[in-house]
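Every read-out reported here was derived from the displayed coordinates using simple, explicitly stated rules and does not represent laboratory data. For clarity, every value in this text was computed on a predicted model and none was experimentally measured. As a convention, Cβ positions derive from the backbone with ideal geometry for all residues, glycine included, and neighbour counts pool all protein chains shown.
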Amino acid sequence: MSSASPPGSAFRREAGASLRLALPLVAAQVAAVGMGTVDTILAGRLGPQALAAVAVGSNYAVLFFIFFMGVLMACSPIVAQRHGAGRDPLQTGAFLREALLVGTGLALLWWLALRLSAGPLLQRLQLPPDTTRMAVEFLHALSWSAFGFSAWFVLRYTAEGLGQPRPILLAGVVGLVVNALLAWGLLFGHWGLPALGAVGCGWATSIAALAMAATLALQYGLRAGLRPVGLFRRSPPRPGAGADSAELLRLGLPIGLILAAEAGLFVMAAMLMSQFGEAEVAAYQIALNFAALLFMIPLSVGLAATVRVGHAVGAGLGAAEVRYRGRVGMQLGLLNAASNALIMLLLAPAIVRLYTADAAIGALAVQFLWLAAAFQFFDAVQVTANGALRGIKDTRLPMLITVLAYWAVGFPVSWWLAFHAGLGPAGVWWGLTVGLAVAAAGLAARFRYKAQSA
């Protein structure tokens with residue numbers, strides 16, 4: 001930040017740059033999340049058994065999705081710093097090709113883990129046998145999406161690091177449309193396709209993931225902002241090329257664990273909620289689903305903060321500029337949190353009516369949305385602070401802060417407030433809020449400290 005710039009002008013300039021990156025990413029995130037939503041809605045039209053199979057299978061598979069997404073998210077800060085430093089784009093292309101090989105290896109692990117664990121785990125849930133069988137078959141079909149999604153993650157986060165979000169949006173929309181059309185055709189046997197039932201949703205998502213990756217790869221040959229990396233150019237072997245793979249995994253594994261720790265916390269919160277009854281679980285899912293949808297906005301601001309901070313570090317703009325860019329990202333997250341909280345507080349009854357007509361579930365869901373409004377601010381700070389920390393390639397200590405905040409504080413507090421302090425289901429939500437608050441405070445403090453030497 002130039003010392004000659006008026007504070008308001010500097011904020012508008014940085015906020016504008018961040019939002020130009022973030023807004024297309026919001027739409028791309030919604031498109032990706034929309035795949036699971038489309039599958040669930042269409043499966044519901046086939047009947048309650050198909051809906052249960054897809055819902056159970058999707059909830060289990062999302063933990064794998066989030067973890068491997070987090071690992072490959074490390075492409076963004078690596079590329080952002082190199083791009084900010086003015087490195088030869090062809091070097092980025094060489095990194096991208098190596099990252100695609102790493103992604104393929106991770107996809108194989110993802111595919112194996114999902115296929116080998118699906119049957120044994122789901123059989124422990126004591127679902128009806130036909131539902132269990134259908135869910136396992138759905139997951140076996142969905143397991144092939146690992147290869148498409150892994151390629152998509154590498155291509156996507158490299159494009160983000162280059163400051164090119166619009167191709168990501170286009171590819172995300174293509175994936176959503178392909179998924180919706182194929183899920184409709186394969187579920188019910190339309191357009192001459194086989195009627196596979198719930199399993200068709202798994203195949204539709206697997207094919208859509210490949211379509212997303214192929215669409216984005218094609219744009220690396222067409223878009224002016226991506227073409228210079230020479231994705232499709234053959235290059236001779238480089239000395240020490242394995243260092244890129246090592247850096248990707250060193251940064252990425254902690255990111256994957258951070259995201260899995262947060263996702264796992266909300267899954268376990270659902271398990272706690274199940275102790276109070278089916279209505280409480282249904283209301284929790286409604287509130288959480290809507291909160292997750294709104295969360296795409298601060299998440300995208302955090303992704304933009306990674307790029308903006310990474311560019312500043314790579315360009316050697318100094319610690320003051322690095323701190324300023326990270327701080328603006330957190331401020332934008334807080335501004336969005338205020339609007340998200342207002343939406344939940346003022347429009348909760350109307351939102352809930354979109355999900356259910358059941359009066360008892362609806363009343364609980366309204367209360368839960370009001371409670372969810374409380375943690376919007378802490379969630380926004382933790383996700384944008386994490387994004388800024390990724391920009392300076394700081395992931396190990398943030399991983400420890402996150403895991404401790406969620407699992408040594410958030411989950412025990414949820415359990416204690418719900419079952420020992422007499423707060424019941426509300427206690428689960430307050431425990432989540434406490435965990436997110438501790439994470440937000442720790443990560444913001446870590447960024448302030450680490451950015452001093454960036």
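With loop defined by DSSP as not H, G, I, E or B, and exposure as at most 12 other Cβ atoms within 10 Å, which is the longest segment of the chain clear of exposed trypsin sites (Lys or Arg not before Pro)?
Looking at the chain, 235-454 is the longest stretch - no exposed trypsin sites (Lys or Arg not before Pro) with at most 12 other Cβ atoms within 10 Å.
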Mean projected area, convex hull of alpha-carbon positions in segment 252-454, reported to one decimal in nm², is 10.5 nm²
Once phi for every residue in segment 102-119 is put through the Karplus expression 6.51 cos²θ - 1.76 cosθ + 1.60 (θ = phi - 60°), the whole-Hz ³J(HN,Hα) values, with Gly and Pro written as x, are 4, x, 5, x, 5, 4, 5, 4, 4, 4, 5, 4, 5, 5, 6, 9, 4, x
In debye to the nearest 20, the charge dipole size for the chain, taken about the Cα centre with +1 at each Lys and Arg Cβ and -1 at each Asp and Glu Cβ, equals 1480 debye
Sparse-neighbourhood loop hits (chymotrypsin sites (Phe, Trp or Tyr not before Pro), segment 62-117; DSSP loop; Cβ within 10 Å at most 15 others) -> none
Rg (one decimal) and Dmax (whole number) from the Cα set of segment 14-238, in Å, equal 18.6, 58
Expected sort for THR433, THR306 with the fewest Cβ neighbours (10 Å cutoff) up front is THR433, THR306
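Kirkwood Rh over alpha-carbon pairs of segment 318-404, then Stokes-Einstein at 10 °C and 1.306 mPa s: what D in µm² s⁻¹, rounded to an integer?
Reported coefficient: 107 µm²/s.
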The value for segment 260-317 (convex hull of the alpha-carbon atoms, volume per residue, Å³) is 71 Å³
Ranked on Cβ counts within 10 Å of their own Cβ, fewest leading, ASP379, ASP358 go ASP358, ASP379
Note, segment 262-270: 3J(HN,Hα) by Karplus (6.51, -1.76, 1.60, θ = phi - 60°), whole Hz, Gly/Pro = x, goes 5, 4, x, 4, 6, 5, 5, 4, 5
Least to most buried among HIS140, HIS420, by other C-beta atoms within 10 Å and fewest first, runs HIS420, HIS140
quick shape note, the chain: Cα extents on principal axes in Å, largest first -> 60, 53, 34
Rounded to the nearest 0.05, FRET efficiency between PHE232 and ARG448 (Cβ-Cβ, R0 45 Å) equals 0.60
Computed over segment 122-167, the distribution of all Cα-Cα distances in 10 Å bins, rounded to whole %, is 24, 28, 20, 18, 10
Diffing segment 385-400: the Karplus 3J(HN,Hα) column from phi (6.51, -1.76, 1.60, θ = phi - 60°), in whole Hz with x for Gly and Pro, holds 5, 4, x, 5, 5, 4, x, 9, 6, 10, 10, 6, 5, x, 4, 5
